[in-house]
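The structure appears below as structure tokens.
The values are calculated or read from the model by the stated rules, or taken from the named source; none is laboratory data. Keep in mind that this is a model prediction, so the values were computed, not measured. Here the Cβ is made from the backbone with ideal geometry for all residues, glycine too, and neighbour counts use every protein chain on show. The area values use the complete protein model at the heavy-atom level, side chains included, leaving out ligands, DNA and RNA. Shrake-Rupley method; radii C 1.70, N 1.55, O 1.52, S 1.80 Å.
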Amino acid sequence: MGASASLAIPPSTATVSFEINGKQRQLVLDTRTTLLDALREHLQLTGTKKGCDHGQCGACTVLVNGVRINSCLTLAVMHEEDKITTIEGLGTPDALHPMQAAFIKHDGFQCGYCTPGQICSAVAVLGEIRSDIPSHVTADITARPQATDAELRERTSGNICRCGAYSNILEAIKEVAGEHA
Ligand code: FES
Ligand code: FES
């Protein structure tokens, strides 16, 4: 037996149960599987995109218990009993989430690759503002943050758009902030 064969160790697997877009799901996964790969490769939820796979582009942004995270930077088995929302769970073609509708109205995308992450991030950003969570550019951290251009640009800076649709994305988020904040 060669050295490589004798060193071959089967991958460690674990069972994880979580709620994905309102449905309880259970998977047996290699413990090294990222949440992003679990969503895309095991649950066929391909709306969440893999851009850099290194936490640098935001294309893989999803909501975990209402908080946005880069799903490429977290292992699926760390999310036992978590509630995860992907772009597929925000709205449907017949009943769009207000942020999805605003992105269409304001032409907030070109190729669309970053868009699911942008929308999930934008939904979370408005949640942060409504929860009085300050950002790096909040001038007065004792006052309620406002959805200003500076605040929105700072809070969405982790979501990169190669097509440069930023100004229209900003308009879309501002519209939803005005209607619902
Ligand atoms: Fe996760 Fe780029 S794919 S941040
Ligand atoms: Fe193409 Fe953002 S719309 S990368």
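Here the calculated FRET efficiency for Arg32 and Asn65, from their Cβ-Cβ distance with R0 = 22 Å, stands at 0.45, rounded to the nearest 0.05. Its Cα centre serving as origin, the chain has a Cβ charge dipole (Lys and Arg +1, Asp and Glu -1) of approximately 260 debye. Here's the list of lysines a cross-link from Lys23 could span, going by alpha-carbon distance under 29 Å and ignoring same-chain residues fewer than 8 apart: Lys49, Lys50, Lys83. Computed from the C-beta positions of Ile133 and Leu73, the FRET efficiency with R₀ = 22 Å rounds to 0.60. Note on the chain: Rg/Rh from Cα positions, Kirkwood definition for Rh, rounded to two decimals, is 1.05. Of Gly117, Gly47, Gly91, the residue with the greatest mean-square motion in the GNM of the chain, using alpha carbon springs below 10 Å, is Gly91. Over the chain, accessible surface divided per residue gives 54 Å², non-protein components excluded, 1.4 Å probe.
Note on surface exposure: Phe103, Phe109 rank Phe109, Phe103 by accessible area, highest first, 1.4 Å probe.
When only C-alpha pairs under 8 Å and at least 6 residues apart count, what is the relative contact order of the chain, in percent?
Normalised by residue count, the contact order of the chain is 21 percent.
Could you work out how much longer the chain between Thr142 and Glu41 gets when fully extended? Use 0.36 nm per residue separation minus the Cα distance between them, nm to one decimal.
Working: separation 101, 0.36 × 101 = 36.36 nm, distance 4.39 nm.
Length difference between fully extended and current span is 32.0 nm.
The sum of -39500 (n - 2.57) across all DSSP H runs of n ≥ 4, divided by the residue count of the chain, sets its helix-only mean residue ellipticity at 222 nm to -8500 deg cm²/dmol.
Once neighbouring chains are kept in place and the probe is 1.4 Å, which whole percent of the accessible area of the stretch 1-141 is contributed by carbon and sulfur?
54 percent
Estimated at 0.36 nm per residue, the fully extended path between Ala101 and Glu80 surpasses their Cα-Cα distance by 4.4 nm. Within the stretch 29-44, name every residue whose backbone N is under 14 Å away from a label modeled 7 Å from Cα of Ser12 along the Cβ vector. The answer is 29-33, whose backbone nitrogens lie closer than 14 Å to the label point.
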